[in-house]
1. Out of the range 17-35, which residues are under 16 Å from residue 57 (Cβ atoms) and in contact with a helix residue (DSSP H, G or I) (Cβ under 7 Å, 6 or more places away or on another chain)?
2. Identify, please: which residue in the range 7-54 is without any contact (Cβ under 8 Å) to a residue 12 or more places away in the chain and under 19 Å from residue 71 (Cα atoms) and is, among those, nearest to the chain's Cα centre (by Cα)?
3. List the number of the failed condition for residue 61; all other conditions in (1) touching a residue at least 40 places away in the same chain (Cβ under 8 Å); (2) more than 24 Å from residue 8 (Cα to Cα) hold.
């Protein structure tokens, strides 16, 4: 018989974190290369928090997407090998 295989919700969360991280990192790099005028910058613009936050989201998204990949063997996810 054919067993039913469900896709973990954490895989989708990892995908969302990865997509948001790529968008935020790209925006941060764009603003790092072409900064807005000084009168329009926020107080701590020089820290480039969007780049760091986006990189963190990319790392977390990759971790969740790889760890909960539904196309891996199910036994390796739950430790039954």
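1. To start, the set of residues in the range 17-35 that are under 16 Å from residue 57 (Cβ atoms) comprises 17-29.
Scanning the range 17-35 gives 17, 18, 20, 21, 22, 24, 25, 27, 28, 29.
2. Only one residue tops the list, namely 12.
3. (2)
Every number here is computed from the coordinates shown, using simple stated rules; none is lab data. Everything numeric in this text was worked out from a predicted model, so none of it was measured. Glycine gets a Cβ as well: all are built from the backbone with ideal geometry, and neighbour counts include every protein chain shown.
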